[in-house]
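The values are calculated or read from the model by the stated rules, or taken from the named source; none is laboratory data. Predicted, not measured: the structure shown is a model, and the values here were computed from it. Cβ placement follows ideal geometry from the backbone for every residue including glycine, while neighbour counts extend to all protein chains displayed. For accessibility, only protein heavy atoms count, side chains too; no ligands or nucleic acids. Shrake-Rupley method; radii C 1.70, N 1.55, O 1.52, S 1.80 Å.
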Amino acid sequence: MEQEIGLIGFGEAGATFAMAGDWIDAARVYDIQTDAGATRDAMLARCARAGVRAVPTLADAVAPVPFILSLVTADQALVVAQAAAAHIAPGALYCDLNSVAPQTKQAAARAIEAAGGHYVDVAVMAPVDPARLNVPLLVSGAHADAARAGLARLGFTNIRVVGEAVGRASAIKMIRSVMVKGLEALTAECMLAADAAGVLDEVIGSLDASEKPRPWDIRADYNLDRMMVHGLRRAAEMEEVVKTLDGLGTGSAMTRGTVERQQAIGTLGLKTPPEGLGAKIDSIIQAKAEQTGKADAA
């Protein structure tokens, strides 16, 4: 590949992508671990084993190149974008693949765009290993089409543009994580308690018997219906679940959140939910607004 690539971050994602593509020789790699004496030698050795060119400063990775990938830890995403803005070439594409909130991406975009660069919000929608360059990518921003073409040249095969607004791709990822990561946390809370109580097999068997695969829109419609009609009763039941878990000593953080959410929707008094997921969401929003208005008036 003739065009050089700036790669910021050589952790799991950065290393996986670079080594899976045919652009490894074109990459100028900078990782913050090369700045610290305690980690410099190990990171340089890692780059050497991978056959990538490690550069000593962020400026060396950003200034000379027209296409940049940022793959750092979430807490460094905005810091790196702001630092990169001081060196980015006019018109260079800055693809931010970090898992951060839309607001963080928007703040990063303001820094890059003010410096003359072109910022693109990229959401990585699955683990990078084993998918590697086949990992699903969502792309948004004014320069999303150009970024999609550039990413395709790097060998990425599963790219979808989801809009012109920076933050849209990340919003999809972040909100999806409420369910995906939440289910993981609930799984841990449930299984640890079941094991501690000596009823693991029975709990799993009961879940298997009750679970019926359904599309998520239908499942969400049903779940909201139950909460609107029975939220207060379910909150009371879940308070007892909290007691159960606390008695076992396995933790109840997720279940306490469930109590709060069930209680909040149950207190809206929506005992006759409308048909359809969208209508249910609208009715919840309206009822909450009315509830807030009454509280403010009081």
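Worth a mention:
- When segment 16-28 is filtered for residues that are open to solvent by less than 30 Å² (accessible area, probe 1.4 Å), outside any loop (DSSP other than H, G, I, E, B) and out of contact with any helix residue (DSSP H, G or I) (no Cβ under 6 Å at 6 or more places or on another chain), the ones remaining, listed by number, are Phe17, Ala26.
- In segment 5-14, the count of residues that are without any contact (Cβ under 8 Å) to a residue 60 or more places away in the chain, surrounded by 14 or more Cβ atoms within 10 Å (Cβ to Cβ) and out of contact with any strand residue (DSSP E or B) (no Cβ under 6 Å at 6 or more places or on another chain) is zero.
- Of note, Val72 does not satisfy the criterion of being hydrophobic (A, V, I, L, M, F, W, C), closer than 28 Å to Pro102 by Cα and open to solvent by 50 Å² or more (accessible area, probe 1.4 Å).
- Candidates Arg219, Arg256: the one that is over 29 Å from Met125 (Cβ atoms), in a helix (DSSP H, G or I), open to solvent by 40 Å² or more (accessible area, probe 1.4 Å) and not β-branched (Val, Ile, Thr) is Arg256.
- Pairing each residue of segment 43-60 that is within 13 Å of Ala26 (Cα to Cα) and open to solvent by less than 70 Å² (accessible area, probe 1.4 Å) with any residue that is among the aliphatic types (A, V, I, L, M) and assigned to a strand (DSSP E or B), provided the two are 6+ apart or on different chains, yields C-beta distances under 8 Å for Val52/Leu7; Val52/Ala27; Val52/Val29; Ala54/Val29; Val55/Val29.
- Boolean, Ala111 is open to solvent by less than 30 Å² (accessible area, probe 1.4 Å), among the hydrophobic types (A, V, I, L, M, F, W, C) and either closer than 21 Å to Ala253 by Cα or at pLDDT 95 or above (or both): yes
- Any hit, segment 249-267, residues being modelled with pLDDT of 90 or more, over 21 Å from Arg234 (Cα atoms) and not basic (Lys, Arg): yes
- Within segment 183-203, residues that are farther than 12 Å from Gly249 by Cα reach partners that are open to solvent by 60 Å² or more (accessible area, probe 1.4 Å) and in a helix (DSSP H, G or I) with beta carbons closer than 7 Å, at six or more positions or on different chains, in the pairs Ala185/Met254; Leu186/Met254.
- Restricting segment 143-155 to residues that are under 21 Å from the mean Cα position of the chain (by Cα) and without any contact (Cβ under 8 Å) to a residue 40 or more places away in the chain, the residue that is least open to solvent (accessible area, probe 1.4 Å) is Ala144.
- Candidates Val178, Val162 - the one that is within 26 Å of Gln3 (Cβ to Cβ), surrounded by fewer than 19 Cβ atoms within 10 Å (Cβ to Cβ), without any contact (Cβ under 8 Å) to a residue 40 or more places away in the chain and among the aliphatic types (A, V, I, L, M): Val162
- Val242 part of a helix (DSSP H, G or I), loosely packed, with under 14 Cβ neighbours inside 10 Å and either hydrophobic (A, V, I, L, M, F, W, C) or in contact with a strand residue (DSSP E or B) (Cβ under 7 Å, 6 or more places away or on another chain) (or both): no
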